[in-house]
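Enquirer: Pasting a structure below so you can have a look.
Where a number appears in this text, it was derived from the coordinates with a stated rule and is not lab data. What you are looking at is a predicted structure, and each value in this text was computed from that prediction instead of being measured. FYI the Cβ positions are ideal-geometry reconstructions off the backbone, even for glycines, and counts take in every protein chain you see.
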Amino acid sequence: MQIKEETMKVEVAMHGWYVPDGETRPGMRCVVKGCNGEAAYHLCIHHAIPGMVVGRGTRTFVISTWLVQRRNALRLITLNDYALGDLFGGRAGFESQLANQGYQVLGLISSLAELEATKLRHPGLHVILWSPDLPDGDDESPAVV
Ligand SMILES: [Zn+2]
């Protein structure tokens with residue numbers, strides 16, 4: 001049983017694009033330290049940012065995407081709304097973190113159309129999950145999305 005669970009593929013379901021509009025869901029609270037505002041997912045209207053709504057198991061996250069540049073290489077870096085709030089206190093904190101890692105932040109992707117247009121404009125653009133250590137060699141790894 002244990003082995004079977006480990007080899008099972010984690011199901012990830014896309015639920016469309018989220019734009020913060022003040023809507024909240026019962027029981028959901030903002031994870032930014034000291035905020036605790038009512039939230040639709042993991043961030044309140046003051047901290048939430050646009051992104052892809054993705055269900056993973058019983059939980060639902062908003063995956064936001066930034067276009068960044070480092071050493072002349074463009075990338076799309078993604079981060080879920082729980083990590084954004086819990087680790088960085090929101091967008092500004094995360095963008096500071098990216099700058100500390102040597103990235104020039106070119107923009108936060110605000111819509112699905114913008115995401116698709118960005119991929120079309122930059123063929124072969126890598127989409128990678130943010131991690132504390134993103135060596136430039138990561139550009140050789142396969143795209144996540
Ligand atoms: Zn908040």
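Enquirer: Points 7 angstrom from Cα along the Cβ direction at residue 36 and residue 99: gap in nanometres?
Expert: 3.1
Enquirer: Could you list 86, 133 in order of exposure, starting from the residue whose Cβ has the fewest other Cβ atoms within 10 Å?
Expert: Listed from fewest to most nearby Cβ atoms, that is 133, 86.
Enquirer: In whole Hz and in residue order, list the ³J(HN,Hα) couplings for region 38-51 that follow from phi through the Karplus curve 6.51 cos²θ - 1.76 cosθ + 1.60, θ = phi - 60°; x for Gly and Pro.
Expert: 5, 9, 7, 10, 10, 9, 6, 4, 7, 10, 5, 9, x, x
Enquirer: Sort 120, 112, 74 so that the residue with the fewest other Cβ atoms within 10 Å of its own Cβ comes first and the one with the most comes last.
Expert: Values: 120 9, 112 13, 74 17.
The fewest-first ordering by Cβ neighbours comes to 120, 112, 74.
Enquirer: A follow-up question, please. Just to verify a number: FRET efficiency for residue 110 and residue 45, C-beta to C-beta distance, R0 = 22 Å, to 0.05? If you can, show how the numbers build up before the last one.
Expert: Values: r = 16 Å, r/R0 = 0.72.
Between residue 110 and residue 45 the formula returns 0.90.
Enquirer: Give the order of 70, 75 when sorted by the count of other beta carbons within 10 angstrom, beginning with the fewest.
Expert: On the way: 70 16, 75 22.
With the fewest neighbours first, 70, 75 line up as 70, 75.
Enquirer: Residue by residue through region 101-117, what is 3J(HN,Hα) from phi via Karplus (6.51 cos²θ - 1.76 cosθ + 1.60, θ = phi - 60°)? Round to whole Hz and write x for glycine and proline.
Expert: Couplings: 8, x, 8, 8, 7, 8, x, 8, 6, 9, 8, 5, 4, 5, 4, 5, 5 Hz.
Enquirer: Still on this structure, please answer the following. Let me have the 222 nm mean residue ellipticity of the chain computed from DSSP H runs of 4+ only, each contributing -39500 (n - 2.57), with the sum over all residues rounded to the nearest 500.
Expert: Mean residue ellipticity, 222 nm, calculated: -6500 deg cm²/dmol.
Enquirer: Still on this structure, I have one more. List the residues, sorted by chain then number, that are 5 or more residues from residue 53 or on another chain and whose placed amide H is less than 5 Å from its amide H.
Expert: 15, 16, 17, 18, 63
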